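Chemist: Next up is a structure, given as structure tokens.
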Amino acid sequence: MLRRRLCSILSSSILSSSSVRTQSIPIPPTVGFQQIVEQCSHPCFRRSNEGFGGFGGLRAYSLLSLNDLRGNVPRKQKTRKGRGIGSGKGKTAGRGHKGQKARGSGKLGFEGGQTPLRRRLPKRGFTNPFSLTFQPVGLGKIAKLINEGKIDSHELITMKTLKDTGAIGKQIQDGVRLMGRGSDQIKWPIHLEVSRVTVRAKEAVEAAGGTVRRVYYNKLGFRALLKPEWFEKKGRLLPKAARPPPKQKDKVDSIGRLPAPTKPIPFSVEVEEGTPGEILTT
């Protein structure tokens, strides 16, 4: 297309120059840019009533037209199979004659009978069925929500409170871990009940006059804590609080209470054994 345009431009410029009969200006092979500019300012390169002289049309004519605009799409079209032998992909459509590959796709990972790759490679590691995933939350975020008025520092801050106020996400698996990020912003006593707590966070809360209690909830009890309306919708009663397994007794302080409590339990008060809020001692 560009070659066709250039040919038409050159032919039209030559015809216009012959009609005007202007003097041609030879350009030596080794000239500078300033000399070319001076020669282009010659009257024969300027626009006249009859046309353009010399090759002035190259400067005034645009090679881009609206009818030449095209979208940035691939030029190669998709191969159409099974549309006649003239296309080269008809009849068997490139699959050949007979056989498993000609009739359909084989099983994923099948290597013709030999030991597949997934069985040749050795096993490595294992998946711990007793692992727990806790969602972290920092003290700085809790202090920010208290300053905004979303959390009442005079009441007990439970994991349901953190979820309802947006301190933690909605996809909570096994509990919440209290972290010490932003511990310098805690300047008033607060009382919290979480699944786990770091040493730095516990020291910061106790230094401000508050308390942190590690409570245990199983899967069903944790759901009842966060979504008690689900049980009401199903017409079910809230489950009883479950005792922690032997391996977690030294990692929690008491059994979680249902429904979500609003007042903290002092660590010095002994609770009857087997009831929610029981203080576990080792």
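Chemist: List the residue pairs whose Cβ atoms are under 8 Å apart, where the first residue sits in the stretch 93-113 and is part of a loop (DSSP other than H, G, I, E, B), the second is open to solvent by 100 Å² or more (accessible area, probe 1.4 Å) and of a type outside the set (A, V, I, L, M), and the two are 6 or more positions apart or on different chains.
Modeler: A93/K81; G94/K81; R95/K101; G106/Q100; G109/R118
Chemist: Could you please give the count of residues in the stretch 169-196 that are open to solvent by 30 Å² or more (accessible area, probe 1.4 Å), in a strand (DSSP E or B) and either of a type in the set (V, I, T) or within 18 Å of E155 (Cα to Cα) (or both)?
Modeler: Within the stretch 169-196, residues that are open to solvent by 30 Å² or more (accessible area, probe 1.4 Å), in a strand (DSSP E or B) and either of a type in the set (V, I, T) or within 18 Å of E155 (Cα to Cα) (or both) number 1.
Chemist: Given (1) of a type in the set (G, A, S); (2) within 18 Å of V137 (Cβ to Cβ); (3) assigned to a loop (DSSP other than H, G, I, E, B), where does G209 come up short, assuming only one miss?
Modeler: With (1) of a type in the set (G, A, S); (2) within 18 Å of V137 (Cβ to Cβ); (3) assigned to a loop (DSSP other than H, G, I, E, B) applied to G209, the lone miss is (2).
Chemist: Could you grab the pairs with beta carbons closer than 6 Å, sequence gap of 6+ or different chains, first residue in the stretch 206-228 and free of Cβ contacts under 8 Å to residues at least 60 places away in the same chain, second one among the acidic types (D, E)?
Modeler: R213/E193; R213/D253; R214/D253; V215/E193
Chemist: Follow-up question, since we're still on this one. Looking at (1) at pLDDT 90 or above; (2) touching a helix residue (DSSP H, G or I) at 6+ places or on another chain (Cβ under 7 Å), find the lone condition where G106 falls short.
Modeler: That leaves (1) as the condition not met.
Chemist: Further question on the same structure: Given (1) within 30 Å of L178 (Cα to Cα); (2) modelled with pLDDT of 90 or more, identify the lone condition not met by E111.
Modeler: (1)
Chemist: Which of the residues belonging to the stretch 65-82 are surrounded by 10 or more Cβ atoms within 10 Å (Cβ to Cβ) and more than 18 Å from A102 (Cβ to Cβ)?
Modeler: Hits for the stretch 65-82 are D68, R80.
Chemist: Tell me, please, whether a residue that is open to solvent by less than 90 Å² (accessible area, probe 1.4 Å), assigned to a strand (DSSP E or B) and at negative phi can be found in the stretch 153-160. Steps first, please.
Modeler: Residues of the stretch 153-160 that are open to solvent by less than 90 Å² (accessible area, probe 1.4 Å), as a first pass: 153, 156-160.
Then drop every residue that is not assigned to a strand (DSSP E or B), which leaves 157.
From what's left, at negative phi: 157.
Among the residues of the stretch 153-160, at least one is open to solvent by less than 90 Å² (accessible area, probe 1.4 Å), assigned to a strand (DSSP E or B) and at negative phi, which makes the answer yes.
The values are calculated or read from the model by the stated rules, or taken from the named source; none is laboratory data. As the structure is a computational prediction, the values presented were derived from the model and not from experiment. Neighbour counts are summed over all protein chains in view; Cβ atoms, including those assigned to glycine, are modelled from backbone coordinates with ideal geometry. Note: areas computed on protein heavy atoms with side chains; ligands, DNA, RNA excluded. Shrake-Rupley method; radii C 1.70, N 1.55, O 1.52, S 1.80 Å.
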